[in-house]
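The values are calculated or read from the model by the stated rules, or taken from the named source; none is laboratory data. Given the structure is predicted, the values throughout are model-derived calculations rather than measurements. A quick note on method: Cβ atoms are made from the backbone with ideal geometry, for glycine too, and the neighbour counts reach across all protein chains shown. These accessible areas exclude ligands, DNA and RNA; they are computed on the full protein's heavy atoms, side chains included. Shrake-Rupley method; radii C 1.70, N 1.55, O 1.52, S 1.80 Å.
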Amino acid sequence: MSVRTRRRRTSLTALAVAAPTIVIFAAFSWWPIVRGALMSVQRPTFVGPVEWVGWSNFAYVLADPQLGQAVVNTLWFTALAIVFGFPLPLALAVVISTVRARRRGLYAALAYFPVIVPPVVAILLWQFAYNPAPSGLFNSILRALGVGPLAWLNDASLAMPSIVLQATWAAAGTSVLIYLAALTAVRPELYEAAALDGASVWKRVWHVTLPQMRTMILVMLLLQLIGAAQVFTEPFLMTSGGPQNATLTILLLMYRYAFGGSADYGAATALGLLLAVALAVLSVIYLRLTRRWQE
């Protein structure tokens with residue numbers, strides 16, 4: 001048997017082994033994307049023949065006066081989530097990495113605990129804490145400081161920051177564990193050399209830790225940007241987009257198209273496709289701009 005024939009048989013065997021996984025992945029991951037793209041140019045009824053409407057779903061979405069408000073709210077949520085929610089897990093991971101190894105697991109578990117709380121339960125607990133009455137949990141704390149009471153989720157200017165605070169609390173644990181894993185790859189001799197040079201703790205973090213983790217930090221920042229742009233559960237359960245559409249996000253508007261009474265699945269998928277394209281373009285630009293820092 002020639003070498004070429006042997007290689008071909010090996011490739012066919014590998015393809016036969018991987019075929020079931022490829023089929024399942026295509027059916028549950030790629031087919032819904034293709035089906036959504038098709039629905040964006042249709043008016044699906046699910047009971048009759050499909051009506052092809054071309055770009056009219058996109059024209060309807062782009063002409064919707066609520067779209068601008070949803071985009072601004074989503075950008076506002078993303079900005080707040082990056083400013084307040086991105087550095088916090090990194091700082092927690094750095095602090096936890098400095099404690100003794102025996103206690104490090106306990107602190108990591110405490111940081112991860114909010115992640116294992118079911119999202120609906122966590123949001124209901126935060127809604128209780130955000131009670132606008134003077135006897136509400138947060139208002140009781142603020143009253144001791146001579147502030148409030150605040151309307152929290154009922155105030156258009158406070159609703160989105162309140163949601164960001166809850167979302168940051170709920171998601172920070174996963175990022176903490178990832179950063180802790182990345183910190184183990186930083187060589188100890190770098191810290192020892194910095195300590196011998198008289199570098200303070202802050203200088204060691206700035207000149208050793210952050211440069212050694214920059215690839216992980218850049219990837220996590222991109223993932224957080226994409227995740228924040230797709231926020232849905234928190235505004236849906238906490239405010240339903242209110243007050244006065246102050247927390248209406250793009251995915252919440254998509255939900256209203258599909259399940260808000262009009263059952264306009266074509267407009268919902270068109271908006272979803274526009275969001276996917278925008279995030280893909282953002283990702284390409286981000287990766288190009290940060291390519292030099294990842295090397």
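Observations, loosely collected:
- Search result, residues across the range 132-183 that are open to solvent by 20 Å² or more (accessible area, probe 1.4 Å) and in contact with a Gly (Cβ under 6 Å, 6 or more places away or on another chain): Leu142, Thr168
- Which numbered condition Leu196 misses (of (1) out of contact with any helix residue (DSSP H, G or I) (no Cβ under 9 Å at 6 or more places or on another chain); (2) within 25 Å of Ala170 (Cβ to Cβ)): (2)
- One residue stands out in the range 107-141 among those that are over 23 Å from the mean Cα position of the chain (by Cα) and over 22 Å from Glu234 (Cβ atoms): the one that is modelled with the highest pLDDT, namely Ser140.
- Restricting the search to helices (runs of 4 or more DSSP H) fully inside the range 166-230 and requiring at least 2 residues that are β-branched (Val, Ile, Thr) gives 214-229.
- Taking (1) open to solvent by 40 Å² or more (accessible area, probe 1.4 Å); (2) out of contact with any helix residue (DSSP H, G or I) (no Cβ under 6 Å at 6 or more places or on another chain); (3) of a type outside the set (A, V, I, L, M) in turn, Ser283 satisfies each apart from (1).
- Selected residue [of a type in the set (Gly, Ala, Ser), within 29 Å of Thr239 (Cβ to Cβ) and in contact with a Leu (Cβ under 9 Å, 6 or more places away or on another chain)] from Ala63, Ala70: Ala70
- Only one of Arg104, Arg100 that is charged (D, E, K, R), closer than 26 Å to Val219 by Cα and surrounded by fewer than 17 Cβ atoms within 10 Å (Cβ to Cβ): Arg104
- From the list Arg35, Arg43, the lone residue that is free of Cβ contacts under 8 Å to residues at least 24 places away in the same chain and either within 19 Å of Gly242 (Cα to Cα) or open to solvent by 50 Å² or more (accessible area, probe 1.4 Å) (or both) is Arg35.
- Condition met for Pro243 (not in a helix (DSSP H, G or I) and not basic (Lys, Arg)): yes
- Flag for Leu225 being closer than 30 Å to Trp52 by Cβ and buried (at least 16 other Cβ atoms within 10 Å of the Cβ): no
- Wholly within the range 44-158, helices (runs of 4 or more DSSP H) carrying at least 3 residues that are closer than 22 Å to Leu251 by Cα and hydrophobic (A, V, I, L, M, F, W, C): 56-63, 65-80, 119-129
- Candidates Thr98, Thr21 - the one that is at pLDDT 90 or above, among the β-branched types (Val, Ile, Thr) and under 30 Å from Leu177 (Cβ atoms): Thr21
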